[in-house]
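Presented below is the structure to which this report refers.
The values are calculated or read from the model by the stated rules, or taken from the named source; none is laboratory data. Note that the structure is predicted; figures quoted are calculated from it, not measured. Every residue, glycine among them, receives a Cβ derived from its backbone with ideal geometry; neighbour counts consider all protein chains shown. The accessibility values were calculated without ligands, DNA or RNA, using every heavy atom of the protein model including side chains. Shrake-Rupley method; radii C 1.70, N 1.55, O 1.52, S 1.80 Å.
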Amino acid sequence: MASKWKIGVLLLAVVALMSGCLGEKPVLDQLEEGKGKIKVIHYSEESFYSDYGNYFNIKYPDIEFEVISYKELAAKQGEGESFDFDAELEKFIEKNKPDVMMLNGKQFEKFAQNGKLYGLDQIISQEKFDLEGYMPGLVDLLRSKGNGTLYGLAPAFYTDVMYYNRDLFKEHNIEPPRNKMSWQEVIDLSKRFTGIGSGDNKIYGFYKSYGDVQFIVNNIASSAGLNLFDTKGEKLLINSDGWKKAIKMATDAVRDKSIAIPSPEESQTGWGEAFYQGKAAMVIEGTWFAQQIKNRPLYDKKFKEINWDIVTAPIDPSSPDESSDVNLTDIYAIAADSPNKRAAWEFVKFVNGPEIAKAAGRTVSGRIPTRKDYFKEIEGRSTEPFFLLKPKLGTSYSGFWGNYNVPDTFNKNFNPLVEESLKAIVDNKKTVEEAVAELEAKGQQLLDKAHQEQKAKSKDKK
């Protein structure tokens, strides 16, 4: 009996050893002699090869690309008001049958939930592809758009931080900003610079170098994840406590100059360069701004070298560790019906791997590598504020300009009403309650009309 038991154990050991040697069956077949062909949708053939194609072909010289440019769609979009981008994109993809798609967040979510994309979880698990190196919350955000399944990866993201002038705060004995401040805290901090200097020597606390009060409302509303429409884009949601609070905060701040915005005349005369001139304490911008601060004094002597630093952009106090200002414009996904999934995966893996992140971390273009270990500093300052906040889930449509289900004709007609109403509040000609009630009534009429016109045009085309 004992000998039979020993033989059984020996057989189990042999089976286990054989399975370890043979390994589990690959999720995707290996490339034949490293060869393959991939159809990729990208902005243009030039940008594709400049960003990724040339680098990839060094590693895989026998994989060919066929680049399908979005320029064709962009040209169609400019032909008329009734252009339905989402519908046209689906037709475009159906016609061209790409293996790899570069999609923005909204497109990615729609294609993932409609079964158009290939799930990556199994191949990632089998190949032990590193997901730990990504910025916190990024993979969760991508999974949320695919109902829990990971259908794509993003090599870069966009977000803003708050730049501040260290010397101005020190000179006037004002405590500098810190990470995770709310908009109200930033406004209160800005007020402490009120009355410092005058005329050409006036010092601004917080300033916006472009836009108007509508931009400020949008920034505050976006940080709180406020949606102007329901998911279908059929109902206007502006008459809510959240929107009224954002509008009041912005209009009060513009009225008392704690948020300084340029007049149209000032914008044209370089008023927006106040930070470069050492006349503004705080400004919100992206990574490109650091390069501008460094370069301005080199070619224009009226600008001085600024002793600056960065903190996170203002947050929503109800979710202080999250940001709705994380934008993913380039998510790479594989078509569910692609006959070249292995070659497509090698490309998606490469684009989202450490080699590309390392190269991207050496340049400052606005895009930020999602792999945080490859972008540690910017002009000698820590990049922690760019990665400190996790992307807020479920904020695809936050702010004034975000819902793709809303016809363009609505935005064209509604924006002038918003501008007029906000100006009336700043000038104390209307209360926030009055202006919001009016915007809700007139805006809903415009929204209904825009949808009706869009449906009529769709019927005419059929």
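With a 1.4 Å probe and all protein chains left in place, how much of the accessible area of region 274-410 comes from carbon and sulfur atoms, in whole percent?
Details: 2640 of 5580 Å².
After summing per-atom areas, the C and S share lands at 47 percent.
Amide H contacts for K180 (H built 1.01 Å from N in the peptide plane; partners 5 or more residues away or on another chain; cut-off under 5 Å): T312.
If Lys and Arg each add +1 and Asp and Glu each add -1, what is the summed charge of the other residues whose beta carbon sits under 13 Å from the beta carbon of K59?
On the way: positive: K349; negative: D62, E346, E355.
With Lys, Arg at +1 and Asp, Glu at -1, the neighbours total -2.
As a ratio to 2.2 N^0.38 Å, the alpha-carbon radius of gyration computed for region 294-376 takes the value 1.61. Highest-first packing order for the peptide set 432-441, 135-144 is 135-144, 432-441, based on the mean count of other beta carbon atoms within 10 Å. If R0 is 60 Å, the Cβ-Cβ spacing of K128 and D200 corresponds to a FRET efficiency of close to 0.50.
Protein heavy-atom surface of region 77-165, 1.4 angstrom probe: 43% of the accessible area is carbon and sulfur, with nucleic acids and ligands not counted.
The phi-based Karplus calculation (6.51 cos²θ - 1.76 cosθ + 1.60; θ = phi - 60°) puts the 3J(HN,Hα) values of region 103-108 at 10, 7, x, 5, 4, 4 Hz, whole numbers, x for Gly and Pro. Straightening the chain between D121 and E453 buys 115.3 nm, computed as 0.36 nm per residue apart minus the Cα-Cα spacing.
Mind running the shape call on region 307-443? Use the C-alpha gyration tensor, a ≥ b ≥ c as the square roots of the eigenvalues: rounded below 1.5 for a/c, prolate if a/b tops b/c, oblate otherwise.
Oblate, because a/c is 1.5 or more while a/b does not exceed b/c.
Dipole of the chain computed with +1 at Lys/Arg Cβ and -1 at Asp/Glu Cβ about the Cα centre; of N239, I220, I331, farthest Cα towards the positive end is I331.
Residues in region 426-443 carry Karplus couplings, in order, of 4, 7, 6, 9, 9, 7, 4, 4, 5, 5, 5, 4, 5, 5, 5, 5, 5, x Hz; the curve used is 6.51 cos²θ - 1.76 cosθ + 1.60 with θ = phi - 60°, and Gly or Pro positions show x.
Looking at region 103-162, the GluC sites (Glu not before Pro) that sit in a DSSP loop and have at most 15 other Cβ atoms within 10 Å of their own Cβ are E132. Ordering T149, A456, T251 by the projection of their Cα atoms onto the charge dipole of the chain, which places +1 on the Cβ of Lys and Arg and -1 on the Cβ of Asp and Glu, puts T149 at the extreme positive end. Starting from the Cα gyration tensor of region 196-323, take the square roots of the eigenvalues, sort them a ≥ b ≥ c, and report rounded, prolate or oblate (rounded when a/c is under 1.5, otherwise prolate if a/b is larger than b/c, else oblate). Prolate, because a/c is 1.5 or more and a/b exceeds b/c.
Count charges around N219 for me, please; just the other residues with Cβ under 15 Å from its Cβ, Lys/Arg as +1, Asp/Glu as -1. Intermediate values should be presented prior to the final figure.
Details: positive: K208, K245, K248, K392; negative: D160, E185, D212, D252, E285, D316, D325.
Here the count lands on -3.
Computed from the C-beta positions of E72 and Q292 and an R0 of 41 Å, the FRET efficiency is 0.75 to the nearest 0.05. Using the Karplus relation 6.51 cos²θ - 1.76 cosθ + 1.60 with θ = phi - 60°, the per-residue 3J(HN,Hα) values for region 275-291 come to 5, 4, 8, x, 10, 9, 8, 9, 7, 9, 8, x, 5, 4, 5, 4, 5 Hz, with x marking Gly and Pro.
What percent antiparallel are the DSSP beta bridges of the chain, to the nearest 5?
Numbers: 24 of 41 bridges.
The antiparallel fraction comes to roughly 60 percent.
Close amide-amide hydrogen proximity is noted between I68 and V40, I41, H42, each under 5 Å apart and 5 or more residues distant or on a separate chain (H modeled in the peptide plane; Pro and chain starts excluded).
Per residue, the solvent-accessible area of the chain (1.4 Å probe, heavy atoms of protein chains only, all protein chains present) comes to 51 Å².
Residues whose amide H comes within less than 5 Å of that of E285, counting only those at least five positions distant or on another chain, are V161, Y163 (H built at 1.01 Å from N in the peptide plane). A simple spin-label model places pseudo-atoms 7 Å from Cα toward Cβ; at D321 and S240 they are separated by 2.4 nm.
The angle between the Cα long axis of helix 341-351 and the main principal axis of the chain comes to about 40°, on a 0 to 90 degree scale.
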